[in-house]
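All remarks here apply to the structure that follows.
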Amino acid sequence: MLAYTTYSESGGVGKSTLAANLADAHSQQGRDVLVLDLDPQQGSLSYLLDIPASRDDDTADNIARHLIDQPKGDFTDLIHETQYGFDVVPSHNMLERLPGLLTRAQEMADDLGEEFVPNDRLRQVLSDADISEEYDTIIVDPPATAGPHLYNAVSASRSLVLPIEPTAKGLESIGGIEDIVRGLEDTLDFDVGVLAVVPNGISGTLDQEQYLEEIRELGYDAPIAFRDRSALFEGCWDERCTAFHYVGYHRSRRRDYEVETLDKLRDLAAHIVEVRYQ
């Protein structure tokens, strides 16, 4: 199975946008894709894709309930089909309280002499639901902060795809993520792979080449860099759809640079699959 987490320590670098569009690209290439939205923010991937699920009903079943082992139904009942050919488990406001909820769940399990590993709950939930029997691709989109959302995402996926901004801060964030990964590897005793680093918002060709070279010198694979396509991606958020759908249904004329961007998304998706199965 292909599984990875899209993550960046900085917000606003296109993390959720990339996750949604890679899911669309993987689906176009014949893969069965499930996206898990662990970001409790209102402007999360669930919002981008206009998933019709209530975020604020704590009495309804949601992914946070399953992570603390208090579900109200089958995990598969949380899955929403999209018009793009891939499925989504949406976010919920209860995820905002996930750290405290996991702590209390662990305390209860300890009192009962049961095993409960807070940072490994998502992997266990997916395994118990036999998700690998239905999907060959899992993408997890956590918030841009370190904590149990990220740890569960990485524990379940074991791999990262890292969108970064074309600034010195962006390069610094790579080192920060590397520290987080090393900490997870030390604590949980597993290796975490970086499938791709994805610069987003490059201003010019010379800047792009220089930036890619610096990333590669750090030892990371940066197969694709995206130029500044703010109009395209902001349009996606306005219309609440993927870039492929936006170009196909919300543009009155063909824009070659946008078609090129869609091709790059497909190339990136294919590259991630290739790297995973090397």
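Please give the FRET efficiency for ASP77 paired with ASP50, using the beta carbon to beta carbon distance and R0 = 22 Å, rounded to the nearest 0.05.
Numbers: r = 20 Å, r/R0 = 0.89.
With R0 = 22 Å, the Cβ-Cβ based efficiency is 0.65.
On a per residue basis, the chain carries 46 Å² of accessible surface, using protein heavy atoms and a 1.4 Å probe.
Largest GNM mean-square fluctuation among ARG158, ARG254, ARG65, using the chain with Cα springs under 10 Å: ARG254.
By how many nm would the segment from ASP263 to ARG158 lengthen if fully extended, with 0.36 nm per residue of separation less the alpha-carbon distance? Walk me through the intermediate numbers first.
Working: separation 105, 0.36 × 105 = 37.80 nm, distance 2.67 nm.
Length gained, ASP263 through ARG158: 35.1 nm.
Computed from the Cβ-Cβ distance with R0 of 45 Å, the FRET efficiency linking ASP221 to GLU96 stands at 0.85.
Defining a contact as two alpha carbons under 8 Å apart and six or more residues distant in sequence, what relative contact order in percent does the range 13-106 show? RCO, the range 13-106: 35 percent.
The simple spin-label model puts a point 7 Å past each Cα toward its Cβ; for GLN70 and GLU134 those points are separated by 2.4 nm.
Roughly speaking, what is the stretch gain from GLU115 to GLU234, that is 0.36 nm per residue apart minus the C-alpha to C-alpha distance, in nm to one decimal?
Numbers: separation 119, 0.36 × 119 = 42.84 nm, distance 4.44 nm.
This chain segment gains 38.4 nm when fully extended.
Heavy-atom surface analysis with a 1.4 Å probe gives the chain a carbon and sulfur content of 42 percent of its accessible area.
Spread over its residues, the convex hull of the C-alpha atoms of the range 189-238 is 89 Å³ per residue.
With no solvent and one equal point scatterer per Cα, compute the Debye intensity ratio I(q)/I(0) for the range 213-269 at 0.17, 0.20 Å⁻¹ and report its log10, rounded to two decimals. At q = 0.17, 0.20 Å⁻¹ the computed log10 ratios are -0.60, -0.76.
Could you identify which residue out of LEU218, LEU67, LEU195 has the top mean-square fluctuation in a GNM of the chain using Cα springs shorter than 10 Å? In the Gaussian network model the winner is LEU218. The GNM of the chain, with springs linking C-alpha atoms under 10 angstrom apart, assigns the highest mean-square fluctuation among ARG229, ARG266, ARG251 to ARG251.
Across the range 1-160, C-alpha contacts under 8 Å between residues 6 or more apart give a mean separation that, scaled by the residue count, equals a relative contact order of 40 percent.
Inter-part distance, the range 131-148 to the range 29-74, computed on C-alpha centroids, equals 11 Å.
Label-to-label distance, ASP32 versus GLU185, with points set 7 angstrom from Cα along the beta-carbon direction: 3.2 nm. As a ratio to 2.2 N^0.38 Å, the alpha-carbon radius of gyration for the chain is 0.99.
When the helices in the chain are scored as -39500 (n - 2.57) per DSSP H run of 4 or longer and the sum is shared across all residues, what 222 nm value do you end up with, to the nearest 500 deg cm²/dmol?
Working: 12 runs with 131 residues, N = 278.
Rounded to the nearest 500, it is -14000 deg cm²/dmol.
Which whole number in µm²/s is D for the range 92-158 by Stokes-Einstein, with the Kirkwood Rh taken over Cα pairs at 37 °C and 0.692 mPa s? The Stokes-Einstein estimate is 254 µm²/s.
The values are calculated or read from the model by the stated rules, or taken from the named source; none is laboratory data. Since the model is a prediction, treat every value here as computed from it, not as a measurement. As a convention, Cβ positions derive from the backbone with ideal geometry for all residues, glycine included, and neighbour counts pool all protein chains shown. Only protein heavy atoms, including side chains, enter the accessible area calculation; ligands, DNA and RNA are left aside. Shrake-Rupley method; radii C 1.70, N 1.55, O 1.52, S 1.80 Å.
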